[in-house]
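Take a look at this one; I'll ask things after.
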Amino acid sequence: MGINDIIVIIVVFFLILGAIDHMLGNKYGYGEPFMDGFMAMGRLTLAMVGIISLAPVLANVLTPIIVPIYSLIGADPASFVNSLLALDMGGYALAREMSLTPNAELFSWVFLGTMLGPTIVFTIPVALGIIKKEDHSVFAKGILIGIITIPIGCFVGGAIGGFNLVMILQNLFPAVILSMFIAIGLWKIPHQMIKGFKVFGEVIKIIAITGLTAIAIETMTGFAVIPNMTPVNEGFQIVGTIALFLAGAFPMVTFLQRVLKKPLGKLGHFLRVNETSIAGLISSFAHHIPMFMIFKNMDERGKVVNVAFAVSGAFVFGGHLGFVAGIEKEMVFAMIIGKLTGGFTAILLALFFMRNQNGQGQAVKKGETP
């Protein structure tokens, strides 16, 4: 029995625990997250099924454009789509259609699709709709720092997953170039970049809903609004499998939050961030929206640390665990290590950049206690 099987068994244990507690009326606090896992099917359907159904159509449009460019550097087109899209928002579906080699396809959606893609298509647009305008600059700083460590997380995760190191580097190269452009943009023209991310997020949402509507019409009437779409049952099968794992993953995160609260509280004192900042970090293991909801109550140092970690580390024990375990469970351990490596190195980098500042982002004078 390998490490990936052990992780799946642990998730199944918490699924059973959540199911029992749900029948007991959520007596121990595990029944509600168990239910949340299944309730996530609605959100997953809106985000995924339309893109999955549209994947062959989108691939026919993108492949002739992307393949020649990426072939020049030995990279796979799958790394392109997963640099822009999360694995569960089209990254996986398009990688499967556009990829030239199975290994590059797997590497792209498991690592780029859980780190860079989600940041571009989901984290930035969603967070900007939650946090206050005055926090946009500190948010951009955190994103910039987090993006820098994505290649580290992808490389470490890919190496643990047994991928060829040359293949990893070839497929990381375009992502590194894209990350550099984003970092420079956030540094030089943050407001314009923020507007651009919002527009991109809305465009992806429109494509997803259009695809879902088209495949719904085709399924119910037999009339193909858009020819050559993937049947709807394939999308629902993927969504259903992910929901099963989320029903175990969410109670597991609840357990981890309880167990880690005290030691992470001590870590907060060491990192010189307030309790709200630590609560945000714990939340991000499952999902970063709760973290952004309490963002306004964090000190500035904590805000940068949280955003930097979320770029790679968010969803590591939530949706991304559910997706990878449901589709390719042999990559679960490598995905977890890769995302945590990217996330924790981002925290270290954030602390380095803010080493001479106190919790409010103010410079600490020489001889003064931070």
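The values are calculated or read from the model by the stated rules, or taken from the named source; none is laboratory data. Treat the numbers as computed from the prediction; the structure is a model and nothing was measured. Here the Cβ positions follow ideal geometry from the backbone for every residue, glycine too, while neighbour counts run over all protein chains shown.
If we scan segment 285-300, do we find a residue that is buried (at least 24 other Cβ atoms within 10 Å of the Cβ), aliphatic (A, V, I, L, M), at pLDDT below 90 and not in a helix (DSSP H, G or I)?
Yes, some residue in segment 285-300 is buried (at least 24 other Cβ atoms within 10 Å of the Cβ), aliphatic (A, V, I, L, M), at pLDDT below 90 and not in a helix (DSSP H, G or I).
Residues are listed down the side, and each one gets a yes or a no for (1) touching a residue at least 12 places away in the same chain (Cβ under 8 Å); (2) under 15 Å from Leu58 (Cβ atoms); (3) of a type in the set (Phe, Trp, Tyr):
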position: Val203; (1), (2), (3): no, yes, no
position: Leu212; (1), (2), (3): yes, yes, no
position: Gly235; (1), (2), (3): yes, yes, no
position: Gly240; (1), (2), (3): yes, no, no
position: Ala243; (1), (2), (3): yes, no, no
position: Ala247; (1), (2), (3): yes, no, no
position: Met252; (1), (2), (3): yes, no, no
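While we're looking at this one, here's another question. In segment 196-238, which residues are hydrophobic (A, V, I, L, M, F, W, C) and closer than 14 Å to Ala55 by Cβ?
Those that are hydrophobic (A, V, I, L, M, F, W, C) and closer than 14 Å to Ala55 by Cβ: Ile204, Ile207, Ala208, Leu212, Ala214, Ile215, Ile226, Met229, Val232, Ile238.
Another question, then. Name the pairs whose Cβ atoms lie under 8 Å apart, with the first residue in segment 128-145 and closer than 17 Å to Ala314 by Cα, the second of a type in the set (Gly, Ala, Ser) and surrounded by 20 or more Cβ atoms within 10 Å (Cβ to Cβ), and 6 or more positions between them or separate chains?
Close Cβ pairs satisfying both conditions: Phe139/Ala127; Gly142/Ala308; Gly142/Ala310; Gly142/Ala350; Ile143/Ala308; Ile145/Ala308; Ile145/Ala346; Ile145/Ala350.
Hey, another quick one. Scan the helices (runs of 4 or more DSSP H) fully inside segment 67-117 and keep the ones with 2 or more residues being more than 19 Å from Ile238 (Cα to Cα).
Qualifying helices (runs of 4 or more DSSP H): 77-84, 102-107.
Sticking with this one: Taking the criterion of being assigned to a helix (DSSP H, G or I), in contact with a helix residue (DSSP H, G or I) (Cβ under 9 Å, 6 or more places away or on another chain), modelled with pLDDT of 90 or more and on the phi < 0 side of the Ramachandran plot, would at least one residue in segment 119-131 satisfy it?
yes
Can you tell me which residue among Phe173, Phe155, Phe80 is over 13 Å from the mean Cα position of the chain (by Cα) and surrounded by 24 or more Cβ atoms within 10 Å (Cβ to Cβ)?
When all the criteria are applied, what remains is Phe80.
Let me ask something additional. Right, Gly42: in contact with a Gly (Cβ under 9 Å, 6 or more places away or on another chain), assigned to a helix (DSSP H, G or I) and modelled with pLDDT under 90 or not?
No.
Right, Thr276: β-branched (Val, Ile, Thr) and assigned to a helix (DSSP H, G or I) or not?
Yes.
For segment 210-223, does any single residue satisfy the condition of being more than 20 Å from Tyr92 (Cα to Cα), of a type in the set (Phe, Trp, Tyr), at pLDDT 90 or above and surrounded by fewer than 18 Cβ atoms within 10 Å (Cβ to Cβ)?
Yes.
Moving to a separate point now. Say we look at segment 177-209 and pick out the residues that are surrounded by 14 or more Cβ atoms within 10 Å (Cβ to Cβ) and among the charged types (D, E, K, R); which of these is farthest from His136 (Cα to Cα)?
Checking each candidate, the answer is Lys205.
So is Phe333 modelled with pLDDT of 95 or more and either over 18 Å from Pro151 (Cβ atoms) or surrounded by fewer than 24 Cβ atoms within 10 Å (Cβ to Cβ) (or both) or not?
Spelling it out, Phe333 is indeed modelled with pLDDT of 95 or more and either over 18 Å from Pro151 (Cβ atoms) or surrounded by fewer than 24 Cβ atoms within 10 Å (Cβ to Cβ) (or both).
Hey, another quick one. Testing Gly2 on (1) among the small types (Gly, Ala, Ser); (2) in contact (Cβ under 8 Å) with a residue 24 or more places away in the chain; (3) exposed (fewer than 14 other Cβ atoms within 10 Å of the Cβ); (4) closer than 30 Å to Pro231 by Cα, one condition comes back false. Which one is that?
Gly2 satisfies all of (1) among the small types (Gly, Ala, Ser); (2) in contact (Cβ under 8 Å) with a residue 24 or more places away in the chain; (3) exposed (fewer than 14 other Cβ atoms within 10 Å of the Cβ); (4) closer than 30 Å to Pro231 by Cα except (4).
Does Arg43 qualify as being within 19 Å of the chain's Cα centre (by Cα), farther than 16 Å from Gly319 by Cβ and charged (D, E, K, R)?
No: the conditions fail for Arg43.
Just one of the numbered conditions (1) without any contact (Cβ under 8 Å) to a residue 60 or more places away in the chain; (2) more than 24 Å from Gly326 (Cβ to Cβ); (3) not polar (S, T, N, Q) is not true of Gly74; which one?
The single condition Gly74 does not satisfy is (1).
With within 30 Å of Phe34 (Cα to Cα) and either in contact (Cβ under 8 Å) with a residue 40 or more places away in the chain or of a type in the set (A, V, I, L, M) (or both) as the only criterion, which of Leu186, Leu271, Leu178, Leu260 stands out?
So the residue among Leu186, Leu271, Leu178, Leu260 that is within 30 Å of Phe34 (Cα to Cα) and either in contact (Cβ under 8 Å) with a residue 40 or more places away in the chain or of a type in the set (A, V, I, L, M) (or both) is Leu260.
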